[in-house]
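A short write-up of the structure that comes next.
The values are calculated or read from the model by the stated rules, or taken from the named source; none is laboratory data. Not measured: the values here are computed from a predicted model. Neighbour counts run over all protein chains shown; Cβ positions are idealised from the backbone, glycine included. Each accessible area value is taken on the protein alone, full model and side chains, heavy atoms only, with ligands, DNA and RNA left out. Shrake-Rupley method; radii C 1.70, N 1.55, O 1.52, S 1.80 Å.
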Amino acid sequence: MKLMDWFSKGLSLQDYIEVMKVNKEEMNGIYNRLSLYAEEKARLADFKDTGMKVIALTEDWCGDAMLNNPILLKIAEEAGMEVRFILRDQNLELMDQYLTNGTSRAIPIYIFIDKAGKEKAVWGPRAKQVQEMVDVERSKLPAQDAEDFKDKQMSMYRRLTASYQEDSKIWHFVADSIIDAIVLGK
């Protein structure tokens, strides 16, 4: 399938929210509290109403999607981009074309296409600064075969999820990273 076909197949925001079972309130909370900075809006000015569209490969259970999707939506609103959501687990054919490091089905992945359906940029699954935070937290975990690994891992996930929901600096790291991908066409 071509990218425009995938876009057409995708869920609208309203349809995506209706099927969400996890992280709906958390995602909406970030969306409702986030405002793009004037500099971020200015960087998007050249893309305003150009017909660019976004395919968001995602799943509602994903903490990174909980953080990144509302930020993508604010960017898309500012630039007049239409967003459609494709559920990763039901669409591995598309997901497998956008593996992280060539091996991982990490999400979310945002595929930016022009009005003709040509890929212009791809972003995901994390901003560099967020990846660094995750790497630091993971480095503190015991070995996977340690008795307390699962408990420590769950505690790490809770800490990260809380910071994703509350730390507006993180939100702007993500916004800048997504905008960089759009502007640089990466």
Can you pick out the pairs among K9/K169; K74/K140; K21/K169 whose Cα atoms lie more than 30 Å from each other?
K9/K169; K74/K140
Farthest toward the dipole's positive end in region 61-186, which of Y110, L184, H172, given Cβ charges of +1 (Lys, Arg) and -1 (Asp, Glu) about the Cα centre?
L184
So the FRET efficiency between D145 and S168, C-beta based with R0 = 41 Å and rounded to 0.05, is 0.60
Round to a whole number: what % of the accessible area of the chain belongs to carbon and sulfur, probe 1.4 Å?
49 percent
Could you provide, to the nearest whole Å², the per residue accessible area of the chain with probe 1.4 Å?
52 Å²
Summing -39500 (n - 2.57) over the DSSP H runs of n ≥ 4 in the chain and dividing by its residue number, what mean residue ellipticity at 222 nm do you reach, to the nearest 500 deg cm²/dmol?
-16000 deg cm²/dmol
With a cut-off of at most 10 other beta carbons within 10 Å, and DSSP calling the residue loop, which GluC sites (Glu not before Pro) in region 98-150 qualify? Please list them.
E147
Protection-proxy order for peptides 149-160, 55-66, 33-44, each taking the mean of Cβ atoms within 10 Å per residue, highest first:
55-66, 33-44, 149-160
Debye sum, Cα scatterers, region 61-121, no solvent: what log₁₀ I/I(0) at q = 0.21, 0.22, 0.29 1/Å?
-0.98, -1.06, -1.36
Strictly greater than 25 Å: what percent of every Cα pair in the chain meets that?
33 percent
Compute, for region 1-127, the length of the dipole vector about the Cα centre, with Cβ point charges of +1 (Lys, Arg) and -1 (Asp, Glu) only. Units Debye, rounded to 20.
200 debye
